[in-house]
Structures are given as structure tokens and as C-alpha cells.
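Engineer: One structure is given below, represented as C-alpha cells, and several questions about it will come after.
Each value in this text was obtained by applying a stated rule to the coordinates, not by laboratory testing. Keep in mind it's a predicted model, so treat the numbers as computed, not measured. Every residue, glycine among them, receives a Cβ derived from its backbone with ideal geometry; neighbour counts consider all protein chains shown.
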Amino acid sequence: MFKIIEYILALFIFLVVNPLVTIYLFLRRLFTGKNIFRKESILLGKDICRVRYFNSDYPILAVQSLYVHVLTGRLSVCGTSLRVKEVNKVASHNGKSGLYSIALLRRISRIDYESYDDMDIEYLANKSFKKDLMILVKAILKLPVIDPDYDKPDKIKLLDIEFLNMRMDEALSRIAEVIDSGRKEIFAFMNPDCFNRLFDDREYFELMKKSNNIFPDGSGVNLACKIIRKQLIHNVNGTDMLPYLCHLAEKKKYRIFLLGAAPGIAEKMKKNLVLKYKGLIISDSEDGYFDRKTETGRVITKINDSHSHILLVAFGVPLQEKWIAEHIDELKINVGIGVGGLFDFYSGNIRRAPKWMREMGIEWMFRLLMEPRRMWKRYIIGNPLFIKRVKNWMKGYNSEN
Ligand code: UDP
């Protein structure tokens, strides 16, 4: 069935869409001198071949030129990744490469944390008509998303705050390096809402400004990077990081303390995590509603007695960042990380957005639907405000530099 849809679609795109795109790119070439095509190597059937992509900043549009290979049967519409830099080991043994793959969708959303082989194995393990259709729909919805080849600096400055621009595995290596060298450092995640909070909270702004360990969280930051013409490497958010952090902690025997959320939530999360990661040591936990004036000493003693390497603090932004900074000297830990609503997700208290929504970069919509009363201001007002602030900041930044 999908084969027939695939063939009709390929014929339509080849005969109708591609001539129109070519005419548009030809006209663009007349005005800007930009080439119509760019050549890249991909796996076609079992051979690596040089093929012509449309030379476009829209990644979904760029692959439209390859529909000709779908007609000849050497590519699928949906399939394993089109590997350009390395041989696609999985596809060369099993499935056909596809114009659209989960690897491509995740790369556009900056959540391609696993290796391309692993993403292809995941695709092949779950391959079905429905899954392929979902990939196709997601690819169509991603058509308006640009992904230009901007500069990828190690650090990106946004609204006067500098964050780390790295892969998820590099972020984890950075955390491991701090622990292994016996240092003590604070890490933070910043999403558009956090950036908005900088404007009303001087203390939080100063803390973030002097931090060397900020990770970019959310598709809004990815969009902001495009506005300032920088390329974000990965969306390094706490919820996606946790499984990798647990693997790391399991392997290296790092002890994790969970501090925050409502009573009982951290214990539930601990139960879930140790069930999944057999060697993981959650050293202890404490809820986030203790009396800050009278009980902070007791909580710090509890953390220190647990001999933990990593302290996850879930009080919400910016309370957690301020609390860690205020008490870091008294805390016998290596790494303190503010993680917001993380415990609520991993305890099962609040449902996380399904993967397809994360792949589409619309996890925020899910959170809005789940908690409209609390979240409407953050997202409906906050997201456009953030983009406006980034644009204004960029104008000022460009005129200063
Ligand atoms: N929280 C807490 N102590 C407080 C206030 C909040 O432990 O005094 C917890 C709250 O129960 C929730 C988390 O902090 O688990 C904040 O979640 P939210 O989703 O608001 O965090 P964000 O990631 O948006 O900062």
C-alpha cells in the first residue's frame, strides 16, 4: 500500500513540484548567483553515489530533488538515514535509505542525540505503514523550517548570556570531567522562559551571566540561534539528558541526590530510575517544600552525609539556581544542577509530551495543554516576547560590534 502512495507521490513531485522548484532556484541564481544544486554523497541502494540536492536552506525542500531515485527504486520516501559523511552500515545491510528519516527529523529539531546507526536500528525495529506515514506527515510539517549552514561556535551569546554549544555526549563528558577531577561546579539549563526571567530578576541575570556551564533548552532557543545566525548543535535539556546522565552515573558509580518537588515525588522518581538503571545509586532525596529559614542546615547536612557527586535541584527557575549558588560552598558535592520540573516527569506525576511532539519542536504546546492555567503566560505571552527580545537585542548587539 505504502509503495503505491510512494510511487504516486514521487511521480507528482518529480513531474510537478520539482520543475517549479528548479525554476524558482534558477531565478534565484540569476539574482544572487547561488547555485541551483549542491552535490553530496549518499547511499543509493548498496552504492555510495554523488547526487544533486536542491541548494536550499530548507532541509526538507533540499531532498525533493532526490525523488527521481525513488522512481528508480533506489531510495524510499521514508527509510533509514541518508548518510552523507559516513557509510550507513545499518542501511547497507538492511533497509533502504529514505528521503525522510527519523534521523533527519531529529537533526532539524536538534535532538539527534544517538548515533545515526542507532536511530536507523530504532527505525527498522519499529518499521510499519503507520510509522512511515507519521514520518511523512512530520516531514511535510517541517517544510517551512530552515536550517542554514551558519557558524557553529563553542559558545553562543544570547541576550548577554553565553551558553555552551555542544553535543549531548560532550555535555555529559563535561559533567564527568568536573567530577573526575574533584572540582565543584554548577550547571544550568536555559529555555525561553528562563531568558525572559532575566529581565525582571537582576540576581538571576548576574548568576547566569557569570556561569560557564549553561545548556540551551528547547526549540525556542534553536529558533533564536537562527535569528542571530548561529547554528545550535543540540537542544541539551534536562529531561532528555537524564537517561544519559543515569547511564553515566551507573557506569562511573556517581551518586545522585534528588532535592525538590512535592513530598513523595523524588522517592517515586528514585523507584522508577533504579528499576530501569540497575547499577544506579540514588543516594538520598528530600522534597522541595522544607522551610528555607529553619531547615536549610538540616537539608545540607543530609546532602553532605549522602556523599553524593551530583545534586539535582528541582525547585523551578530561578529559585533553584539561587539556592545552589547561595549554598555551594557548604555543599560537599561536585556538580549541582537546577532541573525544574524534571522530577514531576520521571516520577510519572506529569506526562511528558510524546516523542512526535518533541521531534516537531512543539513540546511546549503539550505542556500548555496539560497545565493551561499555569503555562499560558509562559508560552502564549512568553514565546513571542522572547523572540522579540532576541531581535531587539541582535540589533543593539550588531550596532555595538
Ligand atoms: N518546587 C519546589 N519547591 C518550591 C517551588 C517549586 O520543589 O518551593 C517544585 C515544584 O513542585 C515542581 C518544580 O519545583 O516540581 C518546578 O517545576 P516547573 O515545571 O515550574 O519548573 P521549570 O522547569 O518550569 O522551571
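Engineer: Residues in the range 301-327 near a label at Glu177, defined as backbone nitrogen under 20 Å from the 7 Å Cα→Cβ point?
Structural biologist: Answer for the range 301-327: 309-311.
Engineer: Any chance you could run the full-extension gain for Lys293 through Tyr7? It's 0.36 nm times the residue separation minus the Cα-Cα distance, nm to one decimal.
Structural biologist: Working it through step by step, the gained length comes to 96.1 nm.
Engineer: Quick one: which residues, 5 or more positions from Tyr100 or on another chain, have an amide H under 5 Å from its amide H? H modelled 1.01 Å from N in the peptide plane, none for Pro or chain starts.
Structural biologist: Answer set, sorted by chain and number: Cys78, Gly79.
Engineer: Relative to the first principal axis of the alpha-carbon coordinates of the chain, what is the inclination of helix 129-141, with its axis defined by its Cα atoms, in degrees from 0 to 90 and to the nearest 10?
Structural biologist: Around 90 degrees separate the two axes.
Engineer: Using packing as a proxy for protection, rank 8-17, 308-317, 161-170 so that the peptide with the highest average count of other Cβ atoms within 10 Å comes first.
Structural biologist: Most protected by this proxy first, the peptides run 308-317, 161-170, 8-17.
Engineer: Then there's this: Whole percent per 20 Å bin, from 0 to the bin with the longest distance: what is P(r) over all C-alpha pairs of the chain?
Structural biologist: 24, 52, 22, 2
Engineer: While we're here: Sum -39500 (n - 2.57) across every DSSP H segment of at least 4 residues in the chain, then divide by the residue count to get the 222 nm mean residue ellipticity, nearest 500.
Structural biologist: It lands at -14500 deg cm²/dmol.
Engineer: Further question: Could you give the length gained on full extension between Asn35 and Ile227, defined as 0.36 nm per residue of separation minus the Cα-Cα distance, in nm?
Structural biologist: Net length gain for the segment: 66.8 nm.
Engineer: Going down the list Lys157/Lys230; Lys322/Lys377; Lys253/Lys332; Lys96/Lys276, which pairs span over 21 Å between their C-alpha atoms?
Structural biologist: Too far apart for the 21 Å limit: Lys322/Lys377; Lys96/Lys276.
Engineer: Rounded to the nearest 0.05, what FRET efficiency is calculated for Lys184 and Glu206 with R0 set to 22 Å and r the Cβ-Cβ distance?
Structural biologist: Efficiency for this residue pair is about 0.70.
Engineer: Okay, next question. For an R0 of 41 angstrom, estimate the FRET efficiency from the Cβ-Cβ distance between Lys127 and Thr301 and round to the nearest 0.05.
Structural biologist: 0.15
Engineer: Run the numbers for Ile140 and Leu20: contour at 0.36 nm per residue of separation, minus the present Cα-Cα distance, in nm.
Structural biologist: So the chain would gain 41.5 nm between Ile140 and Leu20.
Engineer: With θ set to phi - 60°, apply the Karplus curve 6.51 cos²θ - 1.76 cosθ + 1.60 along the range 345-355 and write out the HN-Hα couplings as whole Hz, x wherever there is a Gly or Pro.
Structural biologist: Result, rounded to whole Hz: 5, 7, 8, x, 5, 10, 6, 8, 4, x, 4.
Engineer: Tell me the relative contact order for the range 245-322 as a rounded percent, counting alpha carbon contacts under 8 Å between residues six or more apart.
Structural biologist: Relative contact order for the range 245-322 comes out at 41 percent.
Engineer: Let me ask something else. Pop a pseudo-label 7 angstrom from the Cα along the beta-carbon direction at both Lys276 and Lys252 and give the gap in nm to one decimal.
Structural biologist: Those two pseudo-labels are separated by 2.0 nm.
Engineer: Next question. Taking square-rooted eigenvalues a ≥ b ≥ c of the alpha carbon gyration tensor, is the range 143-221 rounded, prolate or oblate, where a/c under 1.5 means rounded and, failing that, a/b exceeding b/c means prolate?
Structural biologist: Note, shape of the range 143-221 comes out oblate.
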